[in-house]
Amino acid sequence: MEKLDILSMSLSELETALLSMGEKKFRAKQIFEWLHIKRVFDFSLMTNISSALREKLDEKFEILQLKIVKKLCSQIDGTIKYLYELSDGNHIECVLMDYHHGDSICISTQVGCKMGCKFCASTIAGFKRNLTPSEMLLQIYTAEKDSGRKISSIVMMGIGEPLDNYDNVIKFLGLVSSPDGNNMSLRHLSLSTCGLVNRINELSEHKFGLTLSISLHAANNKQRSEIMPVNDRYPIEELIAACKKYIEKTGRRISFEYALINGVNDDRETANELISLLRGMNCHVNIIPVNKIKERNFKTDTSSVRRFQHYLEEGGLNATVRRTLGSDINAACGQLRREYEI
């Protein structure tokens, strides 16, 4: 019999499972606390549970774990990049970053990615599978244990498209924010999507309070389709309509991610288009110097970043430039996995 992934189970699911085993409902909360608060991943060490129940748990459930196969530590800013091996031998990355407001972690949601964005290293090696809720949680738990640092915010912007793994991501959000477990406010979580309009509309109904980050990177359909194939399926007009609905439903400001690429999307005309597109929305634009990857010749220079920011601010948009962290360890997601698996 295939064992159940207990770390992916909500407290209510665990209660149902325990009751079906003839156990008391309160045992589920004890086990949930061992897993998500004490981070004990061995049933034999759960000392307030009888040895008979521990044996039954070991027969029915498995506690997945991640193996750190590579760890890069920045000498510049303390950023740590992890390459994890999953139980099936696949690999994913996450990045632990130090900000003035606390430590933040950027986690992956899939092994590889289907979206095909031209500037992204994650998509080059192809898509393998979705991550389970436990595999998302374990990126956080493993990084905290290894680094000794307490993570105060989460960015779902690593390998994969979160909304393409919608059901598992929704379950992860419930687990990471559970008051009986990790108890993180979802206001400290940012979810980045390339623009799956149907899923954005579904997400808006949950009213989670998280920050939605839209990978926009262009101001018109022609330009966006050239670098982001998803735009052929969900053009900019549909995406912006979904964003406006999200703002209306949740009351939350949206962040538009804009990877600036020299000679592609960094001129004054494009800036004016972007200003017209986003004018009046409760949003801000996060300008990102494009990551250098060996398979592409995209690049950004500092002067064009500052110039583009000035264009947007002059047009009334709130625009910031993302701080570059871990530049000495290539901390952008997708590169380490790609190099390791070649």
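Got at least one residue in the stretch 140-156 being touching a Pro at 6+ places or on another chain (Cβ under 7 Å), surrounded by fewer than 23 Cβ atoms within 10 Å (Cβ to Cβ), in the same structural domain as residue 272 (by TED's automatic domain parsing) and closer than 26 Å to residue 37 by Cβ?
Looking only at the stretch 140-156, we keep the residues that are touching a Pro at 6+ places or on another chain (Cβ under 7 Å), and these are 156.
So of that shortlist, the ones also surrounded by fewer than 23 Cβ atoms within 10 Å (Cβ to Cβ) come out as none.
Scanning the stretch 140-156 turns up no residue that is touching a Pro at 6+ places or on another chain (Cβ under 7 Å), surrounded by fewer than 23 Cβ atoms within 10 Å (Cβ to Cβ), in the same structural domain as residue 272 (by TED's automatic domain parsing) and closer than 26 Å to residue 37 by Cβ.
Mind listing just one residue for me: the one in the stretch 1-20 that is surrounded by fewer than 17 Cβ atoms within 10 Å (Cβ to Cβ) and modelled with pLDDT of 95 or more and, of those, nearest to residue 135 (Cα to Cα)? Step through it out loud before you land on a result.
So the first thing to find is which residues in the stretch 1-20 are surrounded by fewer than 17 Cβ atoms within 10 Å (Cβ to Cβ), and the list is 1-5, 12-13, 16, 19-20.
Those left that are additionally modelled with pLDDT of 95 or more: 3-5, 12-13, 16, 19-20.
Details: 3: 16, 4: 14, 5: 10, 12: 20, 13: 18, 16: 22, 19: 26, 20: 26 Å.
Looking at the filtered set, the residue picked out is 5.
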Exercise for the section: Kindly establish whether residue 143 is modelled with pLDDT of 95 or more and either more than 12 Å from the chain's Cα centre (by Cα) or of a type outside the set (Val, Ile, Thr) (or both). Expected result: yes
Exercise for the section: Determine, yes or no, whether residue 81 is in contact with a strand residue (DSSP E or B) (Cβ under 8 Å, 6 or more places away or on another chain), assigned by TED's automatic domain parsing to the domain that holds residue 154, in contact (Cβ under 8 Å) with a residue 60 or more places away in the chain and surrounded by fewer than 19 Cβ atoms within 10 Å (Cβ to Cβ). Expected result: no
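Looking only at the stretch 88-125, which residues are among the acidic types (Asp, Glu) and either crowded, with 20+ Cβ neighbours inside 10 Å or in a loop (DSSP other than H, G, I, E, B) (or both)?
Residues of the stretch 88-125 among the acidic types (Asp, Glu): 88, 93, 98, 103.
Scanning the stretch 88-125 gives 88, 93.
Quick grid of which residues meet (1) in the same structural domain as residue 119 (by TED's automatic domain parsing); (2) surrounded by fewer than 18 Cβ atoms within 10 Å (Cβ to Cβ); (3) at pLDDT 85 or above; (4) not aliphatic (A, V, I, L, M):
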position: 280; (1), (2), (3), (4): yes, yes, yes, yes
position: 283; (1), (2), (3), (4): yes, no, yes, yes
position: 296; (1), (2), (3), (4): yes, yes, no, yes
position: 299; (1), (2), (3), (4): yes, yes, no, yes
position: 306; (1), (2), (3), (4): yes, yes, yes, yes
position: 327; (1), (2), (3), (4): yes, yes, no, yes
Practice task
Would you be able to say whether some residue in the stretch 30-43 is farther than 25 Å from residue 173 by Cβ, surrounded by fewer than 17 Cβ atoms within 10 Å (Cβ to Cβ) and either modelled with pLDDT under 95 or not assigned by TED's automatic domain parsing to the domain that holds residue 133 (or both)?
Solution key: yes
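It is to be established whether one or more residues within the stretch 126-133 are under 26 Å from residue 78 (Cα atoms) and among the β-branched types (Val, Ile, Thr). If you could, list the steps in order and put the result at the bottom.
Going through the stretch 126-133, the residues under 26 Å from residue 78 (Cα atoms) turn out to be none.
No, the stretch 126-133 contains no residue that is under 26 Å from residue 78 (Cα atoms) and among the β-branched types (Val, Ile, Thr).
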Problem - Of all residues in the stretch 238-282 being assigned to a strand (DSSP E or B) and of a type in the set (Gly, Ala, Ser), the one that is farthest from residue 205 (Cα to Cα) - result: 259
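The values are calculated or read from the model by the stated rules, or taken from the named source; none is laboratory data. These numbers come from a predicted model, not from an experiment. Here the Cβ is made from the backbone with ideal geometry for all residues, glycine too, and neighbour counts use every protein chain on show.
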